[in-house]
Amino acid sequence: RPGFMGPRGLKGKSSMTTPGECPDTCSTIEGPRGEQGAPGPVGPRGLQGVQGLMGPQGQKGDMGLMGPTGLPGPQGPKGDQGPEGSAFSAALDVNYPMADQPVAFRRVLYNVQNNYNPDMGVYQAPVNGTYVFSYNLAVFGRPLKVGLYANFRPVARSTSLSDNVGVSQLMVLHLAARDQVWLQVKDFYNGMFTAAETSSTFSGYLLYPDTCELPVFRDFSAPMQGDYSWDGPEAAHGPTANPVPEPGTTSPPP
Ligand SMILES: *[C@@H]1O[C@H](CO)[C@@H](O)[C@H](O)[C@H]1NC(C)=O
């Protein structure tokens with residue numbers, strides 16, 4: 001018959017232990033050297049270095065391609081009504097104009113700057129300057145006495161008492177801006193005539209301005225003010241200081 005279990009025995013010694021070595025600290029043996037591992041990841045970018053010295057000048061390069069067309073330039077200043085200057089030419093379209101008022105030469109041949117008003121027959125100077133005026137008038141059926149007027153004063157006059165003997169004048173005048181020039185006939189002597197093969201014309205132009213000022217557009221819509229008369233305003237108040245000589249004074253016409 002078996003007895004009771006005996007007490008637990010003492011811990012035994014390791015079989016790996018060699019004589020002279022501590023069994024607690026040198027319990028493993030070093031193995032052979034392993035292979036080198038793979039390189040690690042790239043590190044962060046470093047700080048920028050100091051600028052280097054300037055290199056030698058390079059050779060001149062080839063000419064580049066032509067650049068694109070530039071944008072249009074800015075708008076220029078506003079121009080006047082036409083080319084610099086002022087000129088007009090107009091022809092009569094109705095016979096025997098009314099006396100003591102401007103003769104309307106309504107058939108405009110040239111009036112680019114519009115300084116001539118064909119409905120009134122009046123040219124207005126756009127600038128201070130020297131001007132040239134001329135008229136070439138046919139006469140038929142009645143005698144003609146005609147004058148060129150500047151601001152209601154007669155400047156030059158012509159008389160024709162015979163059919164088919166026309167009259168003409170050409171004169172140079174100095175005018176101030178806004179001065180007005182027209183032709184006017186005397187009462188009972190309005191034989192100014194026009195036909196298909198007979199023209200009566202009135203023309204004028206700016207020869208040169210006093211300065212280089214540009215002509216400016218004038219509005220002719222406003223009616224003219226003043227008293228039209230054959231002898232001008234001074235004659236109504238006594239003898240004229242600068243009388244206009246009557247042509248043919250040795251044998252005055254009727
Ligand atoms: C034009 O003439 C008038 C009168 O003669 C004068 O008062 C004016 O200053 C002149 N203007 C110019 C721009 O010369």
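Read-outs: derived from the displayed coordinates by stated rules, not from any lab. All values reported here derive from a predicted model rather than from experimental measurement. So basically every Cβ, Gly included, is an ideal-geometry build from the backbone, and we count neighbours across all protein chains shown.
Here are some notes:
- Note on Met98 and His174: their simple-model spin labels are 3.5 nm apart, each label 7 Å out from Cα toward Cβ.
- Scalar couplings 3J(HN,Hα) for the stretch 125-140, obtained by applying the Karplus form with A = 6.51, B = -1.76, C = 1.60 to θ = phi - 60°, are 5, x, 9, 5, x, 9, 10, 10, 10, 8, 9, 9, 10, 8, 10, 7 Hz; x denotes Gly and Pro.
- Label sites at Asp62 and Arg153, each approximated as a point 7 angstrom past Cα along Cα to Cβ, lie 7.9 nm apart.
- Inverse of mean 1/r across different Cα pairs in the stretch 87-211, Kirkwood, Å: 14.3 Å
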